[in-house]
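Below: the structure, in structure tokens.
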Amino acid sequence: MNEIDWSNLSFGYIKTDFNVRCHYKDGAWGDLEVTDSESINLHMAATCLHYGQEVFEGLKAFRGKDGKIRIFRLEENAKRMQSSCDGILMAKLPVEKFSEACIKAVKMNERFIPPYESGSSLYIRPLLIGTSAQVGVSPAKEYTFLVFVTPVGPYFKGGFQTSPVAILRQYDRAAPLGTGIYKVGGNYAASLVAGDKAHSLGYAAVLYLDAREKKYIDECGPANFFAIKNNCYITPKSSSILPSITNNSLMKLAEDMGMKVERRQVAEEELATFEEAGQCGTAAVISPISKVDDLDENKSYLIAKDGKPGPVCTKLYNKLRGIQYGDEPDTYGWVTVVD
Ligand code: PLP
Ligand code: COI
């Protein structure tokens, strides 16, 4: 392979050696298969193409100072994919099979795991699609699961530094009783126009408000939202946001750091009172927010007064990264060490 500049990777696709696949037919999942092909041979009437029967996951493997490879919260991602499958009537992959496939994909592409010093990681992308032909709107009878991996750097330019986000009231990403709680491709398609608009105006992401009232904060493009106030970690409770595994981890860390944790509706006006705020997710890790501009209402909320990540975001970021890279003990049982 061409030399990879591990320390300067962006969040993009780099071809690796192998991906792992598994097919569902006649009511059962087959054995795991390994291939070096980047393509899928698909029926033109496959339900994933027409009716969006597609779910995916995103998790990461890290190379530690000790040389060991650690996958962060493998089982939680497996369970969330099952929940997404239930959400759009797809065949569910057993947790053990999901885990086995991810571990295999990581091991077989070990040479693509960035070195510890680079601060980069190996992104793991499991994907499940409906493959059998269907013209009427109904679920497929056959499915393909696959896992590919690719080395990545930070999702937002510059890594751990503050960036601005925008509220764009003309767009919704997900409906209150829709599919926002599942990791399905359709949610991301629904976010593309708003995301593109925000990026072209110089914002890192869209901060979505709840679709019903446009009053409460939902989440940020590809990440959950959290804020810090009076030693309290505050994050929105909503029926239209993805249950972020990073956010779930940060809530536990915050609690164990002696903070109060509140998961509740967060009104937009409260932005004016926050000491710190951030986006969190597998790709985003923690991306502190500098300011929130409500472009339709002509309001601006300056959060990072000095433009720098705040002390609580920094502490949470260091703790999370410490556990992921193995610099801190895995007291929560979040890490799978790959032998
Ligand atoms: N919200 C959305 C819409 C996402 O795509 C992601 C990314 O996975 C997240 C939140 C963060 O979730 P997690 O921390 O599990 O990666
Ligand atoms: C992730 O954080 O893993 C995501 O899936 C976000 C985005 C790249 C879709």
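Just so it is clear, none of the values below were taken in a lab; they were calculated from the coordinates. Here the structure is a predicted model, which means the values were calculated and not measured. Glycine gets a Cβ as well: all are built from the backbone with ideal geometry, and neighbour counts include every protein chain shown.
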For residue 219, residues with placed amide H under 5 Å, excluding near neighbours | 208
DSSP loop GluC sites (Glu not before Pro) with at most 11 other Cβ within 10 Å excluded, longest remaining stretch of the chain | 39-212
Of all the C-alpha pairs in the stretch 163-325, what % are more than 19 Å from each other?
-> 50
13 Å Cα-Cα reach of residue 141 towards aspartates and glutamates, excluding residues that sit fewer than 8 places from it in its own chain = 26
³J(HN,Hα) computed for each position of the stretch 146-162 - Karplus, 6.51 cos²θ - 1.76 cosθ + 1.60, integer Hz, glycine/proline x | 9, 10, 10, 10, 7, x, 9, x, x, 6, 9, 3, x, x, 7, 8, 6
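Just want the ordering: 257, 44, 108, from fewest to most Cβ atoms lying within 10 Å of their own Cβ. Please report the intermediate quantities before stating the final value.
Details: 257 13, 44 7, 108 17.
Ascending number of Cβ neighbours within 10 Å: 44, 257, 108.
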Given a cut-off of 20 Å, name the pairs among 215/252; 25/183; 197/308; 214/237; 60/107; 183/237 whose C-alpha atoms lie farther apart than that in the structure shown.
-> 215/252; 25/183; 197/308
For the stretch 200-208, Karplus-derived ³J(HN,Hα) couplings (6.51, -1.76, 1.60; θ = phi - 60°; whole Hz; x for glycine and proline) come out as 5, 8, x, 9, 6, 6, 8, 9, 7
Largest fluctuation, 170, 161, 279 only, Gaussian network model of the chain with Cα springs under 10 angstrom, belongs to 170
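Arrange 330, 86, 210 by Cβ neighbour counts within 10 Å, fewest through most, would you? Walk me through the intermediate numbers first.
Details: 330 15, 86 12, 210 24.
So the residues, fewest neighbours to most, are 86, 330, 210.
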Rounded to the angstrom and largest first, Cα extents along the principal axes for the stretch 6-152 equal 52, 26, 24
Give the span of the chain's Cα atoms along each principal axis, as three whole-Å numbers ordered largest to smallest.
-> 55, 52, 36
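How do 299, 305 rank when sorted from fewest to most other Cβ atoms within 10 Å of their own Cβ?
305, 299
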Spatial separation of Cα centroids for the stretch 6-37 and the stretch 44-112, in angstrom | 9
